[in-house]
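Data first, discussion second: the structure below is written as structure tokens.
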Amino acid sequence: MTNGNGVPVEPAPPQLNVLAQYTKDLSFENPNAPASLGQQQQQPAINIQINVSANNLSENEFEVILSIEGKAESAGKVIFSFDLAYAGVFRIANVPKEHLHQLVMIECPRLLFPFAREIVATAVRDGGFPPLMLDPVDFVGLYRQNMERQAAAQAASGIKPS
């Protein structure tokens, strides 16, 4: 494209704007309190699951949900568990279609993660335990894992990916 004078028009730069961030759902359970608050004989086993999902709200607005579930167990008993769905609404413009999915599923949750991490740390601390500081997440690796899982599920069901 030219501007009418034969000079090429510069494409608009890609844009990613955070329109809103919010806690969609938060649950913290301390099922064995007050016994669970005492000195533990051993370090609890902590299991964390992280997932990302997205909803297309309009042509260039997306709700991205970062789901973090965790459980601490010791001697077969749950010490505490939590479930957080932290979301953001993002406006994305001037991004080629072939890069849009990766941007939504990698960069958007990367922007949400520090806030979700703080919510988890505060909830665990307010539950009577030392704050749980989640390690940084490799959202590129998580994205690849999810894409491989989807491809394997499609292959198993006989559906050809589009």
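The values are calculated or read from the model by the stated rules, or taken from the named source; none is laboratory data. Keep in mind the model is a prediction, meaning the values are calculated, not measured. Here Cβ is always computed from backbone atoms with ideal geometry, including for glycine, and neighbour counts include all displayed protein chains.
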Within segment 43-50, is there a residue that is assigned to a strand (DSSP E or B), over 18 Å from the mean Cα position of the chain (by Cα) and in contact (Cβ under 8 Å) with a residue 12 or more places away in the chain? yes
Of all the residues that make up segment 127-155, how many are in contact with a helix residue (DSSP H, G or I) (Cβ under 8 Å, 6 or more places away or on another chain) and either loosely packed, with under 11 Cβ neighbours inside 10 Å or without any contact (Cβ under 8 Å) to a residue 24 or more places away in the chain (or both)? 4
Only unsatisfied item for residue 123, checking (1) touching a Ser or Thr at 6+ places or on another chain (Cβ under 7 Å); (2) assigned to a helix (DSSP H, G or I), is (1)
Of all residues being surrounded by fewer than 19 Cβ atoms within 10 Å (Cβ to Cβ) and in contact (Cβ under 8 Å) with a residue 40 or more places away in the chain in segment 114-126, which is farthest from residue 95 (Cα to Cα)? Just the residue, please. 126
Any residue that is over 20 Å from residue 142 (Cα atoms), under 17 Å from the mean Cα position of the chain (by Cα) and not aliphatic (A, V, I, L, M) - is there at least one of those in segment 76-83? yes
Among (1) in contact with a Ser or Thr (Cβ under 6 Å, 6 or more places away or on another chain); (2) under 30 Å from residue 13 (Cα atoms) - the single one residue 29 does not satisfy: (2)
Tell me whether segment 69-88 contains one or more residues that are in contact with a strand residue (DSSP E or B) (Cβ under 6 Å, 6 or more places away or on another chain) and either in a loop (DSSP other than H, G, I, E, B) or free of Cβ contacts under 8 Å to residues at least 24 places away in the same chain (or both). yes
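Could you please let me know if residue 91 is basic (Lys, Arg) and either in contact with a helix residue (DSSP H, G or I) (Cβ under 9 Å, 6 or more places away or on another chain) or surrounded by 16 or more Cβ atoms within 10 Å (Cβ to Cβ) (or both)?
No; evaluated as a whole, the condition is false for this residue.
Could we say that residue 95 is part of a loop (DSSP other than H, G, I, E, B), among the β-branched types (Val, Ile, Thr) and under 27 Å from residue 147 (Cβ atoms) here?
yes
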Considering only residues that are in contact with a Pro (Cβ under 9 Å, 6 or more places away or on another chain) and either farther than 12 Å from residue 66 by Cβ or of a type in the set (D, E, K, R) (or both), which ones fall in segment 88-109? 92, 93, 94, 95, 96, 99, 103
Return the residue satisfying two criteria in turn: it lies in segment 67-88 and is surrounded by fewer than 20 Cβ atoms within 10 Å (Cβ to Cβ) and of a type in the set (A, V, I, L, M), and of such residues it is modelled with the highest pLDDT. 85
